[in-house]
1. Can you tell me which of 173, 185 is touching a residue at least 40 places away in the same chain (Cβ under 8 Å) and not assigned by TED's automatic domain parsing to the domain that holds residue 104?
2. Examine the stretch 186-198 for a residue that is acidic (Asp, Glu) and outside any helix (DSSP H, G or I), and state whether such a residue exists.
3. With the structure loaded, tell me whether residue 342 is at pLDDT below 85 and assigned by TED's automatic domain parsing to the domain that holds residue 286 or whether it fails that test.
4. Any idea which of 362, 366, 336, 315 is polar (S, T, N, Q) and modelled with pLDDT under 60?
5. Looking at (1) assigned to a helix (DSSP H, G or I); (2) loosely packed, with under 14 Cβ neighbours inside 10 Å; (3) free of Cβ contacts under 8 Å to residues at least 40 places away in the same chain, which one does residue 95 not meet, given that it meets all the others?
6. From the list 218, 206, 225, 241, exactly one residue is touching a helix residue (DSSP H, G or I) at 6+ places or on another chain (Cβ under 7 Å), within 19 Å of residue 361 (Cβ to Cβ) and surrounded by fewer than 18 Cβ atoms within 10 Å (Cβ to Cβ). Which is it?
7. Mind listing whichever residues of the stretch 57-73 are closer than 12 Å to residue 155 by Cβ and in contact with a helix residue (DSSP H, G or I) (Cβ under 7 Å, 6 or more places away or on another chain)?
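The values are calculated or read from the model by the stated rules, or taken from the named source; none is laboratory data. Just so it is clear, the structure is predicted and the values come from calculations on it, not from any experiment. As a convention, Cβ positions derive from the backbone with ideal geometry for all residues, glycine included, and neighbour counts pool all protein chains shown.
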Amino acid sequence: MPVDYSAYMQNKRDLVPNLIRSLAGAYGAYEKTQAANQMAAQQKQMQIDFALVRDNPNAGPQDYANLMIKYPEQQQRIKGVYDMLGEDKRRAKQAEALQLFSLLEGGENEMALKSLNDRRLAAETSGNQKEAQQAQTMIDMINSNPAAAKNMSGMYLSMTMGPDKFADTYKRIQETRELRGKEQINIATAAEELNLKKGQVQKVLAETEKLETETQKAVLDLEAAKDPSTGIVDQEKRFNAEKKLRDEYDKKSAGLTESRRSYEILKTSAKDQSGAGDVALITSFMKMLDPGSVVRETEFATARDTAGLYTSLQNALQKAKTGQFLNVGQRKAFVNLAGKYLRAAKEQDKETREDMGMVVKNYKLNPDNVFGIQRDYTKKAGETDQDILNQADSILGL
């Protein structure tokens, strides 16, 4: 009986393709494993590199920039999330990170913790649990590893601002800190030249903590010239101190003066209720947003409550210029918010006068020579939100 080799031959013909497919499958699995291992190794190396910078107390802008060069996808991811935020939120996030970085970089950990605690409480009050948790995470990090908290803030700023801009900002922070150090040396030198005792110097520094160096030196001069039995200082020394205090007060209150001027123009413009009046109203309001440091330091809190109005200023101005009038509700919103800004500026001015008032009182200086004649602007701007709303209604005849 003849042997049938067909099945054998078929199996033999199938053997090579099957073997090739088997080898290809094995090699494919090997490649996938290798790729996975390589990705895991890269991920591990990235974690190590970030951790080394994060935990390095001496890390700075160049270290953050090097990480971005090595791992650009991380910057793109963080920057992408940041860019998706609205303009107001981006500005607030960057300001918060910059303040935190500056405090931690200067070793002012307690002030950083206080700032974060305030932020956490504000977030909890407004129901923003995510923001509150982020603040709490940073609080915990500062308590356990201040260097890591500083570097996390620095890396965030470098990624969102760009390494070059952050490097410039960092340089200004360093210069400011160096200037403060020189000012402290100047104060110590002045105290030594006046033969003041340690207790006297500490007393003056406590009274003038928030004042400028030249003003502090003038008060040291007062302390040195004060009669220990009567506390009286000769007229020339008093006049010099009053002048220094007045110069500083005028500089710090310049923003309030401009805000008051802009507010009066804004009120008159709101009453006009015309295209030209709307242009003047919005322009005056925009000037109130940045008259100087007095309002700049407090504006973000107010802007947070009125983000829609704040971000639409330029659009509203453009429409008013093309003849599209604001409606009554918009005018009322502008007047209302302007009142809040003026109130914030007044509160800042009140703190400035309180800081200087201690010196004026302790050395029997003339307050009118320092602050000028103080007027009561309460009726013009209002002291509560309801007062301000009533003021806006009255201005617009509602």
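1. 173
2. No, that holds for no residue.
3. It is true that residue 342 is at pLDDT below 85 and assigned by TED's automatic domain parsing to the domain that holds residue 286.
4. 315
5. (3)
6. The conditions single out 225.
7. Answer for the stretch 57-73, where residues must be closer than 12 Å to residue 155 by Cβ and in contact with a helix residue (DSSP H, G or I) (Cβ under 7 Å, 6 or more places away or on another chain): 59, 60, 61, 63, 64, 65, 67, 68, 71.
A quick yes/no check of all residues on (1) in contact with a strand residue (DSSP E or B) (Cβ under 8 Å, 6 or more places away or on another chain); (2) within 28 Å of residue 348 (Cα to Cα); (3) modelled with pLDDT of 85 or more:
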site	(1), (2), (3)
217	no, yes, yes
226	no, no, no
232	no, no, no
241	no, yes, yes
248	no, yes, yes
256	no, yes, no
286	no, yes, no
